[in-house]
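Worksheet: the structure to be examined is printed underneath.
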Number of protein chains: 2
Amino acid sequence: MTAKTYAVIVAGGSGSRMGNDIPKQFLTVNEKPLLLHTLDTFAAAIPDLRIILVVSPEHVEKVAGLLTGFTGHVQIAVGGSTRFESVRSGLEFVGDDSIVLIHDAVRCLVTRELIQSCLDSATLLGNAIPAIAPRETIRLIENNYSRLIDRDHVRLVQTPQTFRAAEIKHAYEVATNSNFTDDASVLEAAGFKVHLIKGEESNIKITWPADLQIAESILRERNNVK
Amino acid sequence: MTAKTYAVIVAGGSGSRMGNDIPKQFLTVNEKPLLLHTLDTFAAAIPDLRIILVVSPEHVEKVAGLLTGFTGHVQIAVGGSTRFESVRSGLEFVGDDSIVLIHDAVRCLVTRELIQSCLDSATLLGNAIPAIAPRETIRLIENNYSRLIDRDHVRLVQTPQTFRAAEIKHAYEVATNSNFTDDASVLEAAGFKVHLIKGEESNIKITWPADLQIAESILRERNNVK
């Protein structure tokens, strides 16, 4: 019997950087909320995927409404005040003997190919962290000054970050602070090694208003090509 | 008398990453080549700006044709095989007692506001390097492995990088290698301190096909708003 695969999709943001009262995950792109673009891509990528969707307490009802037409396996979990707490809440619903993909709902441009590639690599290596090389020169700020670092040695980390469930759950249990900005860092703090794989240039985190236009344009193009 | 201001616009790329025979700077966005979007924005930002446009030898004729309708001060310079050589060629046409903005032609989404802000800061401080904080978690690759670095300390460097002409010209003359990925690094190698200022999220370097859609969408939106 094949072990189940889970996705913990974190949709707990507040949307303040958009200058908008609607949190980003609920903004509509091509007549569909960002969140549903993300869910649809995950459901299409992995058959029988169990999705744990982590949302803020005040959004549970709204999200339940949005999910009416969604045909995949999805369960709502109530998140906390930080990303760390939200992921930890989501992981409670994940079986130990499985692979889990942890993804930010606002990365709605992720492709099925990247999701499958993360699952394949994590199955083989224990975990898989998608990352890309920066196209910019990189400087590191130190003591009110900045110095150059070689961009060939730098990686920008994306999601879905994919793990053996027992390992990442253990890492979240033993973590001694909650300031981590991603799950790979939590795993690493617990003594595991992380494996980077090739991410996607277009797999951006929708953060600023201009990103919504980018998302619209890319999703429209993909739908035309299909 | 106010000293002249120069812009060295580097348009020497080959376009290979686009899977396209047309170099990126000549691709058309909203019925205008990228290059002309960039030139128009610079000309609109700074009155009486002297633009030195650095192009590959094989593109001189094509570029001269494209410039027919352009009303700003522009002079074509022939570039070399690397960005370093191209900038050095362009700087030969820049007067010592001036401020010079060095910009990649493919950053066609730069705004007049950023250009003016670079000029103002460089006039005051000697140089100005626009940079933004990454929105991703950052890892540094070391000896086949990677470690986390604090993204609050990381900056992604953009252009236009803006300098006292005498200082950056001197730095290019004394440079002992030509592997630099930006001009601030050249200045720094010559012993000067560089000053970072706030760049713009949308000021991306058009590199991949999806970036063209981004550029189209952002430029269309800006034109509608005007």
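The values are calculated or read from the model by the stated rules, or taken from the named source; none is laboratory data. Fair warning: this is a prediction, and the values are worked out from it, not measured in the lab. Note that each Cβ is placed from the backbone with ideal geometry, even for glycine, and that neighbours are counted across all protein chains shown. Side chains included, ligands, DNA and RNA excluded: accessible areas come from the protein's heavy atoms. Shrake-Rupley method; radii C 1.70, N 1.55, O 1.52, S 1.80 Å.
Residues of the range A:36-53 that are of a type in the set (A, V, I, L, M, F, W, C) and either more than 10 Å from A:His73 (Cβ to Cβ) or in a loop (DSSP other than H, G, I, E, B) (or both): A:Leu36, A:Leu39, A:Phe42, A:Ala44, A:Ala45, A:Ile46, A:Leu49, A:Leu53. Scanning the range B:88-116 for residues that are more than 25 Å from B:Leu212 (Cβ to Cβ) and touching a strand residue (DSSP E or B) at 6+ places or on another chain (Cβ under 6 Å) turns up B:Ser89, B:Gly90, B:Phe93, B:Val94, B:Ser98, B:Ile99, B:Val100.
Does A:Leu91 satisfy being open to solvent by 60 Å² or more (accessible area, probe 1.4 Å) and modelled with pLDDT of 95 or more? Answer is no for this residue. Looking at the range B:78-86, can you tell me whether even one residue there is out of contact with any Ser or Thr (no Cβ under 8 Å at 6 or more places or on another chain) and touching a residue at least 12 places away in the same chain (Cβ under 8 Å)? Yes: the range B:78-86 contains one or more residues that are out of contact with any Ser or Thr (no Cβ under 8 Å at 6 or more places or on another chain) and touching a residue at least 12 places away in the same chain (Cβ under 8 Å).
Restricted to the range A:24-44, and to residues there that are more than 22 Å from A:Trp208 (Cβ to Cβ) and in contact with a strand residue (DSSP E or B) (Cβ under 9 Å, 6 or more places away or on another chain), the residue that is surrounded by the fewest Cβ atoms within 10 Å (Cβ to Cβ) is A:Asp40.
Looking at the range B:167-206 only, could you name the residues that are in contact with a helix residue (DSSP H, G or I) (Cβ under 6 Å, 6 or more places away or on another chain) and hydroxyl-bearing (Ser, Thr, Tyr)? Result: B:Tyr172, B:Ser178, B:Ser202. Looking at B:Gly90, B:Gly95, just one residue is in a loop (DSSP other than H, G, I, E, B) and in contact (Cβ under 8 Å) with a residue 40 or more places away in the chain, and that residue is B:Gly95.
Restricting the range A:73-83 to residues that are within 15 Å of the chain's Cα centre (by Cα) and not in a helix (DSSP H, G or I), the residue that is nearest to A:Leu36 (Cα to Cα) is A:Gly79.
Comparison of B:Glu201, B:Glu188, B:Glu216 shows that the only residue that is touching a Phe, Trp or Tyr at 6+ places or on another chain (Cβ under 8 Å) and of a type outside the set (Lys, Arg) is B:Glu201. Looking only at the range B:57-72, decide whether some residue is touching a helix residue (DSSP H, G or I) at 6+ places or on another chain (Cβ under 9 Å), at pLDDT 90 or above and in a strand (DSSP E or B). Among the residues of the range B:57-72, not one is touching a helix residue (DSSP H, G or I) at 6+ places or on another chain (Cβ under 9 Å), at pLDDT 90 or above and in a strand (DSSP E or B), which makes the answer no.
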